[in-house]
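The block underneath contains the structure these notes are about, expressed in structure tokens.
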């Protein structure tokens, strides 16, 4: 089992607002964020990965923005990022 966080694909500006990160638009053009992923919910989850794939993820850690390629775990039709992967990034 793996501990991590559910990811959400950025499709519209509302996807940023729902995660409390609408202020990112002051730093980025929306088109630079569209199609990337953000953490959907700050609640950690325990899950069993069915596979993985590389994605572009945007993380906010202690008010530092990380816009990087990361390995995401596939669970059904959802993507998660493991705590170990976040530790690797930061």
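I'd like the residue in segment 10-44 that is exposed (fewer than 14 other Cβ atoms within 10 Å of the Cβ) and touching a strand residue (DSSP E or B) at 6+ places or on another chain (Cβ under 6 Å) and, out of all such residues, is modelled with the lowest pLDDT.
41
Any residue in segment 60-71 that is under 11 Å from the mean Cα position of the chain (by Cα) and buried (at least 18 other Cβ atoms within 10 Å of the Cβ)?
Scanning segment 60-71 turns up at least one residue that is under 11 Å from the mean Cα position of the chain (by Cα) and buried (at least 18 other Cβ atoms within 10 Å of the Cβ).
Provide a single number: the residues in segment 45-66 that are part of a strand (DSSP E or B) and modelled with pLDDT of 90 or more.
Adding up the residues that qualify gives 10.
Of the residues that make up segment 25-37, is at least one touching a residue at least 12 places away in the same chain (Cβ under 8 Å), closer than 14 Å to residue 9 by Cβ and in a strand (DSSP E or B)?
yes
The values are calculated or read from the model by the stated rules, or taken from the named source; none is laboratory data. This structure is a prediction, so every number in the text was calculated from the model and none was measured. All Cβ positions, even for glycine, are placed from backbone atoms using ideal geometry, and neighbour counts span all protein chains on display.
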